[in-house]
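Structure first, then comments.
Just so you know, all these numbers are worked out from the coordinates, no wet-lab data involved. What you see is a predicted model, and the numbers here were worked out from it, not measured in a lab. Here the Cβ is made from the backbone with ideal geometry for all residues, glycine too, and neighbour counts use every protein chain on show.
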Amino acid sequence: MDQCSLYEQILGLSSPWFVTGVELNKSQGEVVVQVDRDKHEPLTCPRCGRACPGYDSRERRWRHLDTCQFRTQVVVQVPRIQCPEHGCLTVNVPWAEQNSRYTLLFEAFVISWLRAASISSVSKQLRLSWTAIDNIMARAVQRGLANTPERESSQLAVDETAFRKGHDYITIVSNRLGQVLAVEDGRSQHSLGRFYDSLEDNRKKAIKSISMDMSPAYLRATFDHIEKAHRKIAFDHFHVAQMLTKLLNETRKADMKQADQSLRQEIHRSRFTWLRHGASLELEQIQQIQLLSNSLKHTGLVWYFKEKAREIWKGYRVKGARAAWNDWIQLAQLTGIRSLSALATQLEKRLFGILNAMRFRASNGLAEAINRQVQALKVRARGFRNKERFKRSILFHYGGLCMAPNPYE
Ligand SMILES: [Zn+2]
């Protein structure tokens, strides 16, 4: 096989395209593959497909997969046609998408590599700028969103994550398969509202559960957009546990300030013991909690309520859970501990979502896992400076999208 037909095979070319020459430029470390088009074959408009007369031609270059470490460029005089309806346009070539400077195989290669390696390592290995990689990723996500069949959306999880520390949030909506369906700016009612708006009516109706934290913004958006939302919203155990843990910590700190100086160090040292599940404590730790409870004003009682709530979550099927929670709420309100009582009132208002979560056993663990992945992604990229890139990157890695171009389909 001569060199030209070899490269025709490598590029997957067929008539009317053919390779006319291959040049090795050693000083530049580059292989240049010259491709031409059979002049007798009719030209067609890339928009409407009708046969059109040729107008002129322009030289264009595409980067292809390296040949033996040499950067490989495909160089072609690409004809332009004159379409009566669409004007003067460059004809389509089978090895690349319109407006891309890379062949489809090269893009597919970059995409598959990016899924496993960091942007900086792909950039270094392939001698590609971050902007070039970003363009390939942007096209990949766009292609993925257009090509991927409708992703599962009957069980949703909504979560927020900070882009840059402490401010500028984004809202992430994922499905039960852990695929990110949407990344929206902000964490307001409108952030989630935009996602709901993007769904067709039948898909909106098919939603069975939406797992979320108790932020009023997501609640409001869901009540506004989803029918029978009070049967579908679920507050997972994770979120309730987090509220109780926070309350317990604050109570212990407040109590410590009033405790005897001699006990303070021991109280401080016990801080993690209080937070662990009662059932997992050593005898010694239980004794410590009992002993300290005598000297701390409210901590022991709040601890008891935290343990009790866990028991209800783990111990009850739906039947009986409502009564158990109502007891819990009433008792908590009777303690006279203001912060605990306020939390109980909040849970009372949101009880429907807690019971839904118990009914579905819907776990937001998946969304939390995605959030952790996103944080890891941020670290890997050494902090995204550009929010659009960050959002794109989440969809690229966790969207479950079919992003690779199909060469010569
Ligand atoms: Zn046309």
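Can you tell me the dipole magnitude for region 1-136 around its Cα centre, using point charges on the Cβ only (Lys, Arg +1; Asp, Glu -1), in Debye to the nearest 20?
That gives a dipole near 380 debye.
If I model region 116-174 as equal point scatterers sitting on the Cα atoms and use the Debye formula, what is log10 I(q)/I(0) at q = 0.21, 0.25 Å⁻¹?
Here the Debye-derived log intensity ratios amount to -1.01, -0.99.
What's the FRET efficiency of residue 150 with residue 284 using the Cβ-Cβ distance as r and R₀ = 60 Å, to the nearest 0.05?
That pair, residue 150 with residue 284, gives E of 0.60.
How large is the convex hull of the C-alpha atoms of region 1-50 per residue, in Å³?
106 Å³
How much of the DSSP bridge set in the chain is antiparallel, in percent, rounded to the nearest 5?
Of all bridge pairs located within the chain, approximately 75 percent are antiparallel.
If each Cα of region 217-273 is one equal point scatterer, what is log10 of I(q)/I(0) from the Debye formula at q = 0.20, 0.28 Å⁻¹?
Values returned for q = 0.20, 0.28 Å⁻¹ are -0.77, -1.07.
In debye to the nearest 20, how big a dipole does the chain give about its Cα centre with +1 on each Lys and Arg Cβ and -1 on each Asp and Glu Cβ?
Magnitude of the dipole: close to 1420 debye.
Taking the chain on its own, what percent of its Cα-Cα pair distances exceed 31 Å?
57 percent
Taking the Cα centre of region 219-345 as the origin, how large is its charge dipole in debye, to the nearest 20, when only Lys and Arg (+1) and Asp and Glu (-1) carry charge on their Cβ atoms?
Around 340 debye, computed over region 219-345.
Report the equivalent ellipsoid semi-axes for region 315-357 in whole Å, largest first, defined as the square roots of five times the eigenvalues of the gyration tensor built from alpha carbon atoms.
20, 11, 6
Could you tell me what a quarter of the Cα convex hull surface of region 172-263 works out to, in nm² with one decimal place?
8.2 nm²
How much length is gained on full extension from residue 124 to residue 3, taking 0.36 nm per residue of separation minus their Cα-Cα distance?
40.6 nm
Are there trypsin sites (Lys or Arg not before Pro) in region 273-314 that DSSP marks as loop and that have at most 15 other Cβ atoms within 10 Å, and which are they?
276, 297
Using 0.36 nm times the number of residues separating residue 58 and residue 10, minus their current alpha carbon distance, what extension gain do you get?
Extra length available between residue 58 and residue 10 comes to 14.9 nm.
How large are Rg and Dmax for region 57-202 when only the alpha carbon atoms are used, in Å?
Both quantities, over Cα of region 57-202: 20.0, 56 Å.
On a full-extension model of 0.36 nm per residue, what is the gain between residue 230 and residue 294, subtracting their alpha-carbon distance, rounded to one decimal in nm?
18.8 nm
Mind telling me which of 268, 397, 225 comes out most flexible in a GNM of the chain, alpha-carbon contacts under 10 Å?
Judging by the Gaussian network model, the answer is 268.
Can you give the helix-only mean residue ellipticity at 222 nm for the chain, where every DSSP H stretch with n ≥ 4 adds -39500 (n - 2.57) and the sum goes over all residues, rounded to the nearest 500 deg cm²/dmol?
My calculation for the chain gives -15000 deg cm²/dmol from helical runs alone.
Based on a Kirkwood Rh over C-alpha pairs, give the Stokes-Einstein translational diffusion coefficient of region 204-354 at 20 °C and viscosity 1.002 mPa s in µm²/s.
127 µm²/s
Binning at 5 Å from 0, report for region 280-363 what percent of all alpha-carbon pair distances ends up in each bin.
Pairs per bin, as whole percents: 3, 13, 22, 21, 16, 13, 9, 3, 0.
Restricting to Cα atoms and excluding each atom paired with itself, what does the Kirkwood estimate give for region 139-198 in Å?
One decimal place: 12.4 Å for the Kirkwood radius.
Rounded to whole Å and ordered largest first, report the semi-axes of the equivalent ellipsoid of region 1-94 derived from its Cα gyration tensor (root of 5λ).
28, 14, 10
Let me check I have the definition right: for region 170-220, take the eigenvalues of the Cα gyration tensor, multiply each by 5, take square roots. What are those semi-axes in whole Å, largest first?
16, 13, 12
Given the C-alpha atoms of region 99-148, compute the convex hull and give its volume per residue in Å³.
Dividing the Cα hull volume of region 99-148 by its residue count gives 78 Å³.
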